[in-house]
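Notes follow once the structure below has been shown.
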Amino acid sequence: MQSNSRQTAHGFHCVELTQRKNEKQRAKNERNKVMSAIHFSPLTAIAVGPAGPPSKLSVGPHSGPSTAIAVTASVTIKESDFQWVLLGLTVPDGIKVKGVVVCYQVVGGKSTYISQVRLTEMTTPNTALVKHDDPTNLTSTLPVCYKSKASGFSVSGTITLELKLLIGGKGEKILVGGIALLT
């Protein structure tokens with residue numbers, strides 16, 4: 001009788017160890033899971049003010065490479081001016097958005113930077129829902145790509161990337177390169 005109870009206890013022990021090993025492997029797989037990315041060109045970006053167009057910002061192709069954009073202003077743009085650059089991102093319904101990558105470079109002083117990275121979702125034309133809002137100031141004077149983690153929301157409408165920009169003065173600009181949604 002004792003040998004049967006040992007076998008049963010030992011059998012349960014083996015099952016328990018196997019379950020723990022499987023759970024650890026699943027957790028490791030999740031940590032190592034590579035996010036896929038959907039890439040976008042910034043060339044269709046538009047500038048808007050606090051209530052839509054017009055804007056104090058100018059958006060145009062950058063000279064090197066011309067597939068990047070340069071955002072400039074003829075006047076100083078402060079936080080309270082609410083000047084945005086918007087870029088429509090075409091993605092299929094149901095995609096889970098885990099983050100957004102913005103590649104950029106600031107050409108100017110300390111008062112020129114991207115002050116907000118936002119993703120909105122819209123269906124009807126009278127309202128847009130903010131799905132992701134990152135208030136991190138993007139200030140790099142070197143070309144970099146900034147990764148902003150999102151909540152993993154599921155897309156069920158049109159997605160727009162919105163970048164709130166501050167420009168310290170004439171001659172200063174922000175260059176925007178590749179954009180990616182992490183799924």
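Quick check, is Gly108 on the phi > 0 side of the Ramachandran plot and modelled with pLDDT of 90 or more? Show your work before the answer.
On the way: on the phi > 0 side of the Ramachandran plot: yes; modelled with pLDDT of 90 or more: yes.
Criteria met by Gly108.
Condition check ((1) in contact (Cβ under 8 Å) with a residue 12 or more places away in the chain; (2) among the polar types (S, T, N, Q); (3) in a strand (DSSP E or B); (4) more than 18 Å from Leu57 (Cα to Cα)) across all residues:
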{"site": "Val85", "(1), (2), (3), (4)": "yes, no, yes, no"}
{"site": "Asp93", "(1), (2), (3), (4)": "yes, no, no, yes"}
{"site": "Ser111", "(1), (2), (3), (4)": "yes, yes, no, no"}
{"site": "Glu121", "(1), (2), (3), (4)": "yes, no, yes, yes"}
{"site": "Lys131", "(1), (2), (3), (4)": "yes, no, yes, yes"}
{"site": "Ser151", "(1), (2), (3), (4)": "yes, yes, yes, yes"}
{"site": "Leu163", "(1), (2), (3), (4)": "yes, no, yes, no"}
{"site": "Gly171", "(1), (2), (3), (4)": "yes, no, no, no"}
{"site": "Leu175", "(1), (2), (3), (4)": "yes, no, yes, no"}
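Quick one: Leu89 ticks every box in (1) modelled with pLDDT of 70 or more; (2) of a type in the set (A, V, I, L, M); (3) exposed (fewer than 10 other Cβ atoms within 10 Å of the Cβ) except a single one, so which number is it?
Result: Leu89 passes all but (3).
The values are calculated or read from the model by the stated rules, or taken from the named source; none is laboratory data. Since we're looking at a predicted model, the values are computed, not measured. Virtual Cβ from ideal backbone geometry, glycine too; neighbours counted across all protein chains shown.
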